[in-house]
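The structure under discussion appears below in the form of structure tokens.
FYI, it's all coordinate maths here, none of it is from the lab. Keep in mind the model is a prediction, meaning the values are calculated, not measured. Don't worry about glycine lacking a Cβ; one is built from the backbone with ideal geometry, like all the others, and counts go over all protein chains shown.
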Amino acid sequence: MAVKSKPSQDWTLDSGGTAWAYLVSGPQVSAPVVLVAERGRDAASLEAFADTVNGPNYLLGTKLAERGRDTILVSYGPVADWDTAASVVRSAVLETKRRRSGDKPAILGGLGRSALVARYVLAYLEYEGFDHGVGAYLSLDSTRPTPAEQTALIDVGFMPRIPRNLKITTASTTDVEGLTAQDDPGLSMFDDVLYTSTPPAESSWIGQEAGWWLLDRLP
């Protein structure tokens, strides 16, 4: 995956969503990392999202490909409501599982509210008894859910139980759980937490410190 590169495949998802798949070995999905565009930031343009994920300050897409990982970028549009966004991400998860060969688990994550949507979708699928095939969930820079979103999360169990739940909070971002780098990470509802001292540059989705931390924790 390179900046401004064309995807291997372009998927049409439910509720008007789209996904670009950058595959490292042929037409089949083998080891997918599914990243959801944040509403109002990258969601209007998957090309812009691709450039951010593989930004000049940290080439996350390239680093994933070097480790044999496929990168799948998902957009639900810049003005989608919660239900529409959840429908798109659910469709992306199930489409990824349908296309996946072998038994390598998927990784699903997002930034801010897109991470909340991803978390809800995984918890919902588990609540409904679906095998989502996701082995790790990533939240980058958590944001506080609205009361309605909080209720929706509680109704399906609040957190997914099957995947390893990873959280990255970058410098200058308020941690909505109220934890700081000096607090006990065991207090977090996540399995593993990083408080990175180096925030990503404007042109990159994730910074180098956080990127390496994430790569080392992928199943």
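A few remarks follow.
- Taking GluC sites (Glu not before Pro) across the stretch 126-174, the ones in a DSSP loop with at most 10 further Cβ atoms lying within 10 angstrom of their Cβ are Glu128.
- Base-10 log of normalised Debye intensity for the chain (one unit scatterer per alpha-carbon) at q = 0.17, 0.19 Å⁻¹: -1.23, -1.60
- Look at Phe190, Phe49, Phe158 and count the other Cβ atoms within 10 Å of each Cβ; fewest to most, that gives Phe158, Phe190, Phe49.
- Legend: ranking of residues Leu35, Leu111, Leu218 from fewest to most surrounding C-beta atoms inside 10 Å; resulting order Leu218, Leu111, Leu35.
- Which of Ile168, Trp213, Leu46, positive extreme of dipole for the chain (C-beta unit charges): Leu46
- Computed over the chain, the per-residue total of -39500 (n - 2.57) for DSSP H runs of n ≥ 4 gives a 222 nm mean residue ellipticity of -9000 deg cm²/dmol, rounded to 500.
- Between the beta carbons of Phe130 and Ser197, assuming R0 = 35 Å, the FRET efficiency works out to 0.35 to the nearest 0.05.
- The charge dipole of the chain, taken about its Cα centre with unit charges on the Cβ atoms of Lys, Arg (+1), Asp and Glu (-1) only, comes to about 580 debye.
- Remark: spin-label model distance Ala171-Asp14 equals 4.2 nm, labels positioned 7 Å along the Cα→Cβ axis.
- Euclidean distance between Cα centres, the stretch 96-116 to the stretch 55-85, Å: 10
- Potential lengthening between Gln150 and Trp212 on full extension [0.36 nm per residue; Cα-Cα distance subtracted]: 19.2 nm
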